[in-house]
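Asker: Let me begin by handing over the structure; questions about it come next.
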């Protein structure tokens, strides 16, 4: 199916566009793939707004952060800042050209990417050896709040009561009031460890995945109580990441069975099962293009490839 | 002096009437009008004394009417004006004692041939009914004022009263007035009876007659009894019962009258009245059952234990009637004891029809639900005894429906007896029948725990259903709908094809038959075993050559295989693989299976498996195939046809039997067996039919320690006979069919009166298939001497077997037998019986 020329380190091969294949019943193929990350792709992050070329950041298991230019479909830059330890999370701040990365060397690093630089601005030692990803809340262009798993709880600055959802290895979901440092609600969502979760703040609904076959969907009610709402049963167990598209229509899951599953977010209706990768899919992300027709979905796998998909972009 | 006057009175009346009648008989028309007036005056209070009137109506009225009828054709009658005729001639019939008038009228109708005279008499009769003379008739008997009362006359009158619609219809055929139709006449009679009863009430209260008169309800009771005896009880009581129950509810006098009415009903019609009554409404018979032995027998025994044709509502009425009154409650308990015995009786479970068992079960549940807690405590030990014995005999049955009824009743009884947590709980499928049974436990609101548990079970049912349906779905089920999500949701997004989304398995299925066998034999890896089992059927069919080398060994492995890893569809997969082996390498595998069938150390389940495999293989072999491509398709069809083996095989078996019967019925009606479109291919089954059939006939009467076919293992016996019947059926047109047929008939002859109906069904099925498949000349030769015995046996079963399936199968066999007999006798070419 794929004819790829291995000419370059970061080879990009466009495939048939699927924009016109809305009515076709067989599941779509990726519109192109990005190769050359040289390791399992643990984390993906798009930055496609503004006038600059759309970028995709990827964190690999070998400790490299690749910055991919989606116009040329090649790497702009590779950052190696976590001394070879696996990168488990990458994120950009919306305000400036800064990048935050979290690695398994227990460091969270802040990078300045402005004007072609890639300088390490700051780093935080977390002391956490787990796989728990950070979460960032940007309340205003100048203040933002970063949550990471640490050894002990520390008192954060007194911001106006943000809430934090955390999934634990014994299968529970906890809703924390960050300022009060109190648990608002707790629910046992899975019998196995929570591997990933995502939350839709507009609908106050979220979904979490685990190492078993079920995705568990839950809702946050007016009294800040978490309520389980049922979920979806997958054909094969294990989900590494869940992602909701910005318009709240699609949910994508990165499955350990090397398949990406796409659901309608409102009713969790299964829409597509995307088979391209040959190993576990570790990360999935939707792009933040301003033009909805250009929106992409990226999936990063243990087979060292990133596949990019164009799904349900007509409306 | 008094007597003298009366004597002279009577003489004068007699003389005058005789003169009048003589005059009427002659043709002198001028005087006849005055004569009629004279006669009419005897019916009038004003013109004659009471004694003379009584004398006339007692002795001369009937005679007068008869003379009138004889003169109906006379000229002077025709010369009467319409008014004269109405006022004189007709009035004589309508004003005199009604019983005599009615008898004469009906007698005349019976004698006259169709003519205007007949029409005239019919018109008078119609008027007789319309004028409410029936009420007068009944009432006159009530107060004892009826003139002529002898038992014979009474009996005749009762007969005429109850059969009036029939008499009229016989005479008038289609020109009958609607008034004489049963639908109108009997309600009319019923309302006449009601009026008579009402007058009796009034008389008892002393409203109407100032002086106390004696009322006798005997005649009304007799009329009612007669009507019910002749089967008109439904119409009559439908009109009477509502009124009666309304009146008796509050009125003491009405109650007494009513009870008296039913008490004086003659013995022989008591049952009919009571059954008609409970069909209409109870409550109006009072404590009749306590006073009348016959009534007690009917209510407490006959309606509950001997008959079973009534609806549940009747049971409810009867038992509710027994439970309603304090005096009758001992009867309820006595009834409950009887029902318990009947329900728990193992012989009844075996020998009574299913419908009756269901009826008795309903009665049991209803009566238990009517018991008070105190009574329940007293009866506890007996109920427990009944429960235990009954459960055992019901669960022993090989009929699924009986087991199911047993489970439901057991559950209900135990939950009624124990409020603690020692309730019985069974797993059975909810259907209409079980739901009805369960609903019987909650006739009233005073037993809360039952209603709760009932609701629980009701709620359980849909849950299990949904689980089952989810399990059946291979695609991931849809997420539950979000109630507050708006309408323009995911529907605009068309899903892609998701059939590829199968479970990923780590190991790959075996490619070679020997690998497959190896992993089935020795692998400890659940996944490998499952894949091997799944691959076995296609592998065997694809590599027929390799399969022949290891067929027996593989059959052995599969036969002894256990579902260690809880593989989904294990039984179906194993069955399919074994069938594939038996089809591919027919003779060795069938030899192996048929020998193993009678050997030691197999469970019943395994023996049944062997039979199933043999049957499926025979079926597949007998289907016409042209090439390898088709064979796989057919095998897939074959497997698909088989319903999943989920533990309740009798159902599956029953379905197969029914399917067979249906296919047979079609064959009879169509004549030709197959449409001619199929290409002619050699029948693969015909040459090997004997290998399937004959080894199974050996050894059946040699009991092993673990296997006693003619004893307790009658489940297997039934299946064995059924399988043999199937082999026979499939062997139609095969050369060996004649030998097979005679052997099979010999075999089943010994077990034809087996107590288990599954065995009997199997036997009859086998007989059916013999009659179908065996060439008719052989059939007659073989049956020859046993022909009449067989016929008698089949007629016997067709008439008297408690099992409905057995009866219909026996009828099928008789039809088939007659058909082949006829064919044989008509065909002169075939060898005769003597040869």
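The values are calculated or read from the model by the stated rules, or taken from the named source; none is laboratory data. Small disclaimer: the values here were computed from a predicted structure and weren't measured. Cβ: placed from backbone, ideal geometry, glycine included. Neighbour counts: every protein chain shown.
Asker: Filter segment B:354-406 down to residues that are within 18 Å of residue B:332 (Cβ to Cβ) and outside any helix (DSSP H, G or I), then give me how many there are.
Answerer: Matching residues across segment B:354-406 total 2.
Asker: Residues that are in contact with a strand residue (DSSP E or B) (Cβ under 6 Å, 6 or more places away or on another chain), more than 14 Å from every other protein chain (Cβ to nearest Cβ), closer than 24 Å to residue A:65 by Cβ and assigned to a strand (DSSP E or B): does segment A:218-238 have at least one?
Answerer: Taking every residue of segment A:218-238 in turn, none turns out to be in contact with a strand residue (DSSP E or B) (Cβ under 6 Å, 6 or more places away or on another chain), more than 14 Å from every other protein chain (Cβ to nearest Cβ), closer than 24 Å to residue A:65 by Cβ and assigned to a strand (DSSP E or B).
Asker: Given the residues B:181, B:189, which is the only one that is at pLDDT 85 or above, under 34 Å from the mean Cα position of the chain (by Cα) and farther than 14 Å from residue B:134 by Cα?
Answerer: Only one candidate qualifies: B:181.
Asker: Sticking with this one: Looking at segment A:249-266, is at least one residue surrounded by fewer than 17 Cβ atoms within 10 Å (Cβ to Cβ) and under 28 Å from residue A:184 (Cα atoms)?
Answerer: Filtering segment A:249-266 down to residues surrounded by fewer than 17 Cβ atoms within 10 Å (Cβ to Cβ) leaves none.
There is no residue in segment A:249-266 that is surrounded by fewer than 17 Cβ atoms within 10 Å (Cβ to Cβ) and under 28 Å from residue A:184 (Cα atoms).
Asker: Output the number of the condition that residue B:444 fails; it satisfies all remaining conditions of (1) more than 14 Å from every other protein chain (Cβ to nearest Cβ); (2) modelled with pLDDT of 50 or more; (3) not in a helix (DSSP H, G or I).
Answerer: (2)
Asker: Does segment B:454-476 contain at least one residue that is surrounded by 11 or more Cβ atoms within 10 Å (Cβ to Cβ), at pLDDT 50 or above and over 30 Å from residue B:365 (Cα atoms)?
Answerer: No: zero hits.
Asker: Something else: Got a sec? Which helices (runs of 4 or more DSSP H) wholly within segment B:699-792 have at least 1 residues that are outside the structural domain of residue B:348 (by TED's automatic domain parsing), touching a helix residue (DSSP H, G or I) at 6+ places or on another chain (Cβ under 6 Å) and modelled with pLDDT of 85 or more?
Answerer: B:714-730, B:737-749, B:757-773
Asker: If I ask for residues that are at the interface with another protein chain (Cβ under 9 Å from one of its Cβ atoms) and assigned to a loop (DSSP other than H, G, I, E, B), which ones from segment A:200-212 would you list?
Answerer: A:203
Asker: I'm trying to understand the selection: among the residues of segment B:484-505, which are in a loop (DSSP other than H, G, I, E, B) and at pLDDT below 70?
Answerer: Scanning segment B:484-505 gives B:484, B:485, B:486, B:487, B:488, B:489, B:505.
Asker: Any residue that is assigned to a strand (DSSP E or B), crowded, with 20+ Cβ neighbours inside 10 Å and either modelled with pLDDT under 85 or in contact with a strand residue (DSSP E or B) (Cβ under 8 Å, 6 or more places away or on another chain) (or both) - is there at least one of those in segment A:110-124? Quick ask: steps written out before the conclusion?
Answerer: Within segment A:110-124, the first condition is being assigned to a strand (DSSP E or B), and the residues that meet it are A:110-112, A:119-124.
Subsequent filtering for residues that are crowded, with 20+ Cβ neighbours inside 10 Å retains A:111.
Next cut, either modelled with pLDDT under 85 or in contact with a strand residue (DSSP E or B) (Cβ under 8 Å, 6 or more places away or on another chain) (or both) only: A:111.
Yes - at least one qualifying residue is present in segment A:110-124.
Asker: Could you tell me which of the residues B:511, B:548 is in a loop (DSSP other than H, G, I, E, B) and closer than 21 Å to residue B:583 by Cα?
Answerer: B:511
Asker: Where in segment B:233-310 are there helices (runs of 4 or more DSSP H), lying fully within it, with 2 or more residues that are buried (at least 19 other Cβ atoms within 10 Å of the Cβ) and modelled with pLDDT of 80 or more? Steps first, please.
Answerer: Values: elements: B:233-250, B:252-263, B:267-280, B:288-291, B:293-297.
In segment B:233-310, B:233-250, B:252-263 are the helices (runs of 4 or more DSSP H) which contain 2 or more residues that are buried (at least 19 other Cβ atoms within 10 Å of the Cβ) and modelled with pLDDT of 80 or more.
Asker: Find the residue count for segment B:769-786, including only residues that are under 27 Å from residue B:351 (Cα atoms) and surrounded by fewer than 24 Cβ atoms within 10 Å (Cβ to Cβ).
Answerer: The total comes to 1.
Asker: Can you tell me which residue within segment A:239-262, out of those that are in a strand (DSSP E or B) and without any contact (Cβ under 8 Å) to a residue 40 or more places away in the chain, is farthest from the other protein chains (Cβ to nearest Cβ)?
Answerer: A:255
Matching residues to (1) buried (at least 20 other Cβ atoms within 10 Å of the Cβ); (2) at positive phi; (3) away from chain B (no Cβ under 14 Å):
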residue	(1), (2), (3)
A:26	no, no, no
A:36	no, yes, yes
A:60	yes, no, yes
A:65	yes, no, yes
A:68	yes, no, yes
A:72	no, no, yes
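Asker: Condition first: out of contact with any strand residue (DSSP E or B) (no Cβ under 8 Å at 6 or more places or on another chain), over 30 Å from residue A:52 (Cα atoms) and within 14 Å of chain B (Cβ to nearest Cβ). Can you find one or more residues in segment A:269-290 that meet it?
Answerer: No, segment A:269-290 contains no residue that is out of contact with any strand residue (DSSP E or B) (no Cβ under 8 Å at 6 or more places or on another chain), over 30 Å from residue A:52 (Cα atoms) and within 14 Å of chain B (Cβ to nearest Cβ).
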